[in-house]
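Below: the structure, in structure tokens.
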Amino acid sequence: MANPNEHAVKVLNHLIETTLDSADGYQQAAGHADSPRFKVLFQERAVRRQQLSSQLKAEVRTFGGEPLDDLSILARSQRAFLDLKDKIVGQSDKAVIDHIERGEDLILSRFQKAAEDTELPNAARELVERATSSVRADHDEISALKHQMH
């Protein structure tokens with residue numbers, strides 16, 4: 001690689017994209033939730049994921065990189081599909097929780113993979129490890145909610 005920090009920027013930008021997708025997913029879920037409890041939970045998670053993406057963006061800048069600032073193509077297309085699906089069948093809180101859990105599985109997997117990346121500089125890996133703990137706690141809470149509803 002021409003720039004020794006290129007790998008760190010690439011990994012962190014991938015996590016930024018995933019985190020922005022997650023924040024958007026939570027915002028969408030808040031709009032679909034019937035329960036005021038879930039609306040608040042999802043809105044709070046959207047804010048936390050935005051804050052996490054800001055931390056990751058700051059880390060990218062320390063490596064001289066340009067942080068991503070947009071949703072992935074997959075998230076945009078997935079949101080369009082969900083909007084269409086919602087118009088056809090609607091979504092219960094249970095369906096929203098199920099969908100959120102799938103998103104939590106994805107973000108946790110990506111953060112765990114990055115945390116195990118031995119090519120990441122120590123500062124970046126420490127940030128990713130801390131974030132992974134937070135993402136894991138969020139994942140586990142949503143998973144428990146799902147199991148309570150089934």
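The values are calculated or read from the model by the stated rules, or taken from the named source; none is laboratory data. On a predicted model such as this, the values are computed, not experimentally measured, just so you know. Ideal geometry is used to build each Cβ from the backbone, glycine not excepted, and the neighbour counts take in all protein chains shown.
Remarks
- Residue identified as assigned to a helix (DSSP H, G or I), at pLDDT 90 or above, more than 20 Å from Lys10 (Cα to Cα) and of a type in the set (Val, Ile, Thr) among Ile107, Ile142: Ile142
- From the list Asp24, Asp83, Asp69, the one residue that fits, being in a loop (DSSP other than H, G, I, E, B) and either over 18 Å from Ala137 (Cβ atoms) or modelled with pLDDT of 95 or more (or both), is Asp69.
- The residue that is farthest from the chain's Cα centre (by Cα), among those in region 113-133 that are in a helix (DSSP H, G or I) and exposed (fewer than 15 other Cβ atoms within 10 Å of the Cβ), is Asn122.
- Pair list, Cβ under 6 Å, 6 or more apart: region 39-52 residue in contact (Cβ under 8 Å) with a residue 40 or more places away in the chain, other residue in a helix (DSSP H, G or I) and of a type in the set (Val, Ile, Thr): Leu52/Thr19
- Matching entry among Glu44, Glu59 (being under 22 Å from Arg136 (Cα atoms), acidic (Asp, Glu), surrounded by 18 or more Cβ atoms within 10 Å (Cβ to Cβ) and at pLDDT 95 or above): Glu59
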